[in-house]
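K.L.:
Got a structure for you, written out below as structure tokens; questions coming shortly.
The values are calculated or read from the model by the stated rules, or taken from the named source; none is laboratory data. This one's a predicted model, so the numbers in the text were calculated from it and none came from an experiment. Backbone-built Cβ (ideal geometry, glycine too); neighbour counts: all protein chains shown.
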Amino acid sequence: MEKVGFGIIGAGIWGSVHAKVYAKDPRVKLISICDVDEEKARKLVEKSGAENYCTDFNDLVKRPDIVGISIATPDFTHFQPAMAAIDAGKHLLIEKPMATRVEEAAKILKEAKKAKIKLMVDFHNRWNPCFLKIKESIDKGELGEISLVYLRLSNPSVVPLKWFPWSEKSSVAWFLGAHTVDLARWLLEDEVKKVYCVSRSKVLRGRGVNTPDFFESVIEFKKGCIVVMENAWILPETEPNIVDFKCQVIGSKGSMYADLSHHRALEKYTEEKTEYPDVFGLTEIYGKLMGFAFQSIRHFIDCVMEDKEPISSGKDGLEVTKTICAMEESILSGSPVEIG
Ligand SMILES: NC(=O)c1ccc[n+]([C@@H]2O[C@H](COP(=O)([O-])OP(=O)(O)OC[C@H]3O[C@@H](n4cnc5c(N)ncnc54)[C@H](O)[C@@H]3O)[C@@H](O)[C@H]2O)c1
């Protein structure tokens with residue numbers, strides 16, 4: 001079988017996850033990695049066995065031997081490389097959020113449709129086994145009519161304070177809320193009608209990074225379900241897991257509860273710290289990439305190779321961007337915001 005060429009724009013933490021999947025997939029030739037930081041691009045080429053690197057995404061998108069591209073640059077920088085890739089007719093996997101402005105997300109979706117390329121946004125919780133089980137039960141009607149969903153996805157403050165130099169230009173709403181908004185839409189198969197959101201900016205600002213501490217959102221869906229969503233970036237660094245992820249779905253006939261972070265399936269105690277290591281997302285078994293965070297990227301390869309439509313699409317990316325923009329508007333106005 002002839003291998004198909006892929007490229008990655010953004011060689012940071014998550015671009016490296018994309019590189020792992022491409023490098024291990026027998027259908028793929030990982031051609032090129034682009035990062036504005038040349039050292040990062042070069043190191044990821046060495047690690048992944050990609051053929052070459054560049055520092056300008058325009059050089060990567062114009063290569064005729066590349067058919068599919070991942071964009072894993074900071075949250076607010078997806079638009080320009082996405083438009084360049086679409087103009088060049090490449091299939092596209094964009095990290096969540098698709099864009100941080102509604103106009104940008106709408107334009108990406110419109111131009112991708114025109115160019116007839118595959119457009120996927122990496123909402124990888126759609127591959128998470130716990131959420132697949134919850135969705136299966138909702139779809140079978142086992143829980144009855146769903147009236148209330150609670151979703152919490154938060155990080156310790158080390159993420160905004162030390163991991164990213166760009167936290168001030170994004171927020172926990174974009175970085176984690178994008179996942180939980182999409183999860184609610186996907187589980188409920190419904191769209192957001194109205195959002196009320198409050199936030200505070202004190203702890204992180206006090207520690208020199210001007211980004212909100214948390215977003216508390218009440219989201220009303222069109223068919224009537226209420227989703228209460230919490231995304232915080234100020235958990236203590238002593239948390240045993242880098243995410244705090246909880247979900248409760250309450251219906252007229254039953255409820256389901258998922259704890260993705262503090263389930264204690266695995267506990268690790270050393271002299272330095274206590275950890276509950278991730279066993280679902282980035283799991284590798286005898287060198288095979290098994291976790292759901294790998295599966296979503298592999299799904300993009302499937303879509304390109306088998307001419308399938310992505311499970312998480314550009315339309316999903318746009319709806320999530322609309323909701324988070326409405327959350328930001330609600331914070332500023334102090335009132336609920338209807339999604340137009
Ligand atoms: N699916 C997930 O669960 C998941 C997890 C982590 C991050 N992400 C998303 O992936 C994206 C990247 O996050 P990260 O954690 O890898 O961040 P990161 O800061 O580790 O990496 C981003 C990289 O992009 C590079 N970059 C910036 N502008 C660029 C440009 N114009 N062209 C080429 N390279 C450029 C930076 O130099 C950096 O190396 C974000 O949108 C983030 O929300 C998704």
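K.L.:
So in segment 1-15, with the set limited to residues that are more than 8 Å from the ligand (Cβ to nearest atom) and touching a residue at least 24 places away in the same chain (Cβ under 8 Å), which one is farthest from Met305 (Cα to Cα)?
P.N.:
First pass over segment 1-15, keeping only residues more than 8 Å from the ligand (Cβ to nearest atom): 1-8.
From what's left, touching a residue at least 24 places away in the same chain (Cβ under 8 Å): 1, 3-8.
Numbers: Met1: 11, Lys3: 10, Val4: 8, Gly5: 11, Phe6: 11, Gly7: 15, Ile8: 17 Å.
The qualifying residue farthest from Met305 (Cα to Cα) is Ile8.
K.L.:
Taking Val67, is it of a type in the set (A, V, I, L, M, F, W, C), away from the ligand (no atom under 15 Å from the Cβ), at pLDDT 95 or above and surrounded by 17 or more Cβ atoms within 10 Å (Cβ to Cβ)?
P.N.:
Working: of a type in the set (A, V, I, L, M, F, W, C): yes; away from the ligand (no atom under 15 Å from the Cβ): yes; at pLDDT 95 or above: yes; surrounded by 17 or more Cβ atoms within 10 Å (Cβ to Cβ): yes.
So Val67 passes the test.
K.L.:
Is it the case that segment 327-338 has a residue that's under 18 Å from the mean Cα position of the chain (by Cα), in contact (Cβ under 8 Å) with a residue 12 or more places away in the chain and assigned to a helix (DSSP H, G or I)?
P.N.:
As a first pass, look at segment 327-338 and keep what is under 18 Å from the mean Cα position of the chain (by Cα): 327.
After this cut, where a residue has to be in contact (Cβ under 8 Å) with a residue 12 or more places away in the chain as well, the list is 327.
If we keep only those that are assigned to a helix (DSSP H, G or I) too, we end up with 327.
The answer is yes, given that some residue of segment 327-338 is under 18 Å from the mean Cα position of the chain (by Cα), in contact (Cβ under 8 Å) with a residue 12 or more places away in the chain and assigned to a helix (DSSP H, G or I).
K.L.:
Still on this model: Could you please tell me which pairs satisfy a Cβ distance under 6 Å, a separation of 6+ or placement on different chains, a first residue in segment 28-56 that is outside the structural domain of Val17 (by TED's automatic domain parsing), and a second residue that is of a type in the set (Phe, Trp, Tyr) and surrounded by 20 or more Cβ atoms within 10 Å (Cβ to Cβ)?
P.N.:
none
K.L.:
Just for segment 28-40: of the residues that are in contact with a Phe, Trp or Tyr (Cβ under 9 Å, 6 or more places away or on another chain) and more than 8 Å from the ligand (Cβ to nearest atom), which one is nearest to Ile8 (Cα to Cα)?
P.N.:
For segment 28-40, the residue satisfying everything is Ile33.
K.L.:
Could you check Asp59 against (1) within 14 Å of the ligand (Cβ to nearest atom); (2) surrounded by 17 or more Cβ atoms within 10 Å (Cβ to Cβ) and say which number it fails?
P.N.:
Evaluating Asp59 over (1) within 14 Å of the ligand (Cβ to nearest atom); (2) surrounded by 17 or more Cβ atoms within 10 Å (Cβ to Cβ) leaves (2) as the failure.
K.L.:
Which pairs do you get when a residue that is without any contact (Cβ under 8 Å) to a residue 12 or more places away in the chain, found in segment 281-309, comes within reach of a residue that is in a strand (DSSP E or B) and surrounded by fewer than 19 Cβ atoms within 10 Å (Cβ to Cβ), reach meaning Cβ atoms under 7 angstrom, with the pair 6+ apart or on two chains?
P.N.:
Every condition considered, the pairs that remain are Met290/Glu284.
K.L.:
Only one of Ile311, Ile297 is modelled with pLDDT of 95 or more and out of contact with any Lys or Arg (no Cβ under 6 Å at 6 or more places or on another chain); which?
P.N.:
Details: Ile311 fails: out of contact with any Lys or Arg (no Cβ under 6 Å at 6 or more places or on another chain).
Criteria check complete, one pass: Ile297.
K.L.:
Give me a count of the residues in segment 292-326 that are part of a loop (DSSP other than H, G, I, E, B) and touching a Phe, Trp or Tyr at 6+ places or on another chain (Cβ under 6 Å).
P.N.:
The initial filter retains those residues of segment 292-326 that are part of a loop (DSSP other than H, G, I, E, B), namely 307-312.
Filter once more, so that each one left must be touching a Phe, Trp or Tyr at 6+ places or on another chain (Cβ under 6 Å): 312.
Of the residues in that region, 1 qualify.
K.L.:
Could you tell me which residue of segment 16-27 is nearest to Ser296 (Cα to Cα), considering only residues that are in a helix (DSSP H, G or I) and away from the ligand (no atom under 13 Å from the Cβ)? Explain how you work it out, then say what you get.
P.N.:
Going through segment 16-27, the residues in a helix (DSSP H, G or I) turn out to be 16-24.
Those still in the list that are away from the ligand (no atom under 13 Å from the Cβ) too: 22-24.
On the way: Tyr22: 12, Ala23: 15, Lys24: 14 Å.
Result: Tyr22.
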